[in-house]
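Below is one structure, written out as structure tokens; comments come after it.
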Amino acid sequence: MKGVKFKQILLLFLAAALLWGCEQEEVDLKVLLPTNLQIEVEQGERGNVTVSFSAQNANFFRVGFGVDEQLPELATGNQMSFTYREAGTFTITVQAHTTENDFISDTRQVEISSAALGLGIPTTGFVSPESYEGYRLVWRDEFNGSALSQDWTYDLGDGCANSLCGWGNNELQWYTDRRENVRLEGGNLIITARRENLGGRQFTSSRIKTEGRQSFQFGRIDIRAVLPKGQGIWPALWMLGDNIRTVGWPACGEIDIMEMVGGPATARNNEVHGTVHWDNNGSWANTGGSTTLRQGIFNDNFHVFSIIWDEQRIVWLLDNVAFHTVDITPAALSELRESFFFLFNIAVGGNWPGDPDGTTTFPQQMVVDYVRVFQRL
């Protein structure tokens with residue numbers, strides 16, 4: 001009997017020891033949790049944010065930047081950087097870990113403004129005159145109201161309704177007439193391309209036109225604008241022949257007053273193109289020229305994109321300096337001597353610019369101060 005009692009006492013002792021050991025282990029883990037988590041957030045240019053952090057007793061850190069429900073990622077060292085591609089208020093989370101499952105955390109909020117992404121509206125740039133000798137002003141839109149005038153209408157969707165899915169160029173955007181994509185503000189027309197899902201597309205934008213409202217044959221056209229930027233961004237200020245509904249494209253003719261195909265950093269964001277398209281015996285033909293800024297990009301300041309167009313030629317100008325001329329007297333180019341309407345838009349992706357990539361920030365906007373049409377007296 002004494003042996004049995006001894007065994008019972010021994011088992012009780014061992015159980016108590018194990019229980020005490022487990023409780024002590026929990027206490028030890030609590031004691032070893034990191035403390036004194038310090039976080040500093042520094043905003044750089046173009047949406048870049050750097051987070052610095054430290055904590056006592058931390059073995060490693062994880063950091064989340066509050067985008068797309070992503071989980072905090074393992075940090076190397078005591079600093080981590082991230083570049084935001086869209087404006088908004090984001091919550092940055094820093095976790096100081098002892099083990100994977102044992103950590104403390106804290107948060108900081110960062111506000112990324114449109115201006116920080118290069119979406120502010122410049123107050124500087126070239127301004128063209130309101131009159132020219134030998135010309136009279138026949139139409140203008142200064143975009144001073146609260147909504148587009150009756151001179152404008154919209155192309156909507158992705159072009160599939162017109163058997164032009166991707167608008168004939170494998171573009172990626174869905175065009176809308178929403179305020180999020182087109183609005184008047186401060187005397188400017190603002191067309192905005194956004195990264196968002198709509199109509200089965202991953203991007204939205206807007207394309208406005210004067211088809212059936214205002215069209216012109218010959219004259220001088222001035223358009224003052226600030227352009228968007230970035231790989232896969234394709235702004236255009238252009239014209240199509242009034243008879244497109246009956247003869248189709250390219251037989252209607254196309255005059256591109258300005259096109260830019262954006263690229264990373266300054267690449268291609270400092271170059272614009274002027275082009276014409278026409279039908280050449282049943283096939284598409286085109287020719288054009290380009291010009292490049294000596295410094296900066298077209299997102300930095302307002303510039304004036306112009307053509308001088310008559311029965312013989314089209315001359316393209318940037319800030320009143322000619323950079324390209326096309327002779328339109330050949331019979332094959334007769335469609336370029338007819339009446340045309342305006343289109344303003346930002347396309348995203350497509351055959352020419354290629355798709356957006358990790359360097360592309362959204363939203364992107366084209367700001368148009370005015371469009372003016374002058375014709376000879």
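At a glance:
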{"item": "Those residues of the stretch 316-331 which are acidic (Asp, Glu) and out of contact with any helix residue (DSSP H, G or I) (no Cβ under 9 Å at 6 or more places or on another chain), in sequence order", "result": "319"}
{"item": "Residue list for the stretch 253-308, restricted to those being crowded, with 19+ Cβ neighbours inside 10 Å, small (Gly, Ala, Ser), in contact with a helix residue (DSSP H, G or I) (Cβ under 8 Å, 6 or more places away or on another chain) and not in a loop (DSSP other than H, G, I, E, B)", "result": "none"}
{"item": "Scan of the stretch 109-131 for residues that are within 25 Å of residue 64 (Cα to Cα) and free of Cβ contacts under 8 Å to residues at least 60 places away in the same chain, ordered by number", "result": "109, 111, 113, 115"}
{"item": "Hey, residue 202 assigned to a loop (DSSP other than H, G, I, E, B), polar (S, T, N, Q) and at pLDDT 95 or above or not", "result": "no"}
{"item": "Condition broken by residue 168, with the remaining ones in (1) among the small types (Gly, Ala, Ser); (2) modelled with pLDDT under 95; (3) within 27 Å of residue 303 (Cα to Cα) satisfied", "result": "(3)"}
{"item": "Flag if residue 195 is in contact with a Ser or Thr (Cβ under 8 Å, 6 or more places away or on another chain) and either surrounded by fewer than 18 Cβ atoms within 10 Å (Cβ to Cβ) or assigned by TED's automatic domain parsing to the domain that holds residue 232 (or both)", "result": "no"}
{"item": "Considering residues of the stretch 83-102 that are more than 29 Å from the chain's Cα centre (by Cα) and part of a loop (DSSP other than H, G, I, E, B) only, the residue surrounded by the fewest Cβ atoms within 10 Å (Cβ to Cβ)", "result": "101"}
{"item": "Residue list for the stretch 114-125, filter: modelled with pLDDT under 90 and either closer than 18 Å to residue 221 by Cα or assigned to a loop (DSSP other than H, G, I, E, B) (or both)", "result": "114, 118, 119, 120"}
{"item": "Candidate set: the stretch 198-241, residues that are within 27 Å of residue 310 (Cα to Cα) and either touching a helix residue (DSSP H, G or I) at 6+ places or on another chain (Cβ under 7 Å) or of a type in the set (Lys, Arg) (or both); chosen: the one surrounded by the fewest Cβ atoms within 10 Å (Cβ to Cβ)", "result": "213"}
{"item": "Selected residue [without any contact (Cβ under 8 Å) to a residue 60 or more places away in the chain and closer than 29 Å to residue 121 by Cα] from 292, 287, 246", "result": "292"}
{"item": "Pair list, Cβ under 7 Å, 6 or more apart: the stretch 357-377 residue more than 18 Å from residue 46 (Cβ to Cβ), other residue part of a loop (DSSP other than H, G, I, E, B) and of a type in the set (Ser, Thr, Tyr)", "result": "374/132"}
{"item": "Residue 89, sole failed condition from (1) within 30 Å of residue 366 (Cα to Cα); (2) without any contact (Cβ under 8 Å) to a residue 24 or more places away in the chain; (3) out of contact with any strand residue (DSSP E or B) (no Cβ under 7 Å at 6 or more places or on another chain); (4) not aromatic (Phe, Trp, Tyr)", "result": "(3)"}
{"item": "First in the stretch 309-334 and assigned by TED's automatic domain parsing to the domain that holds residue 270 and surrounded by 11 or more Cβ atoms within 10 Å (Cβ to Cβ), second anywhere and assigned to a loop (DSSP other than H, G, I, E, B) and of a type in the set (D, E, K, R), Cβ under 8 Å, 6 or more apart", "result": "328/311; 329/311"}
{"item": "Sole residue being outside any strand (DSSP E or B), surrounded by 12 or more Cβ atoms within 10 Å (Cβ to Cβ) and modelled with pLDDT of 95 or more, chosen from 105, 128", "result": "128"}
{"item": "Residue match in the stretch 211-229 (condition: of a type in the set (Gly, Ala, Ser) and more than 30 Å from residue 338 (Cα to Cα))", "result": "no"}
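The values are calculated or read from the model by the stated rules, or taken from the named source; none is laboratory data. Please read all numbers here as calculations on a predicted model, not as lab measurements. Backbone-built Cβ (ideal geometry, glycine too); neighbour counts: all protein chains shown.
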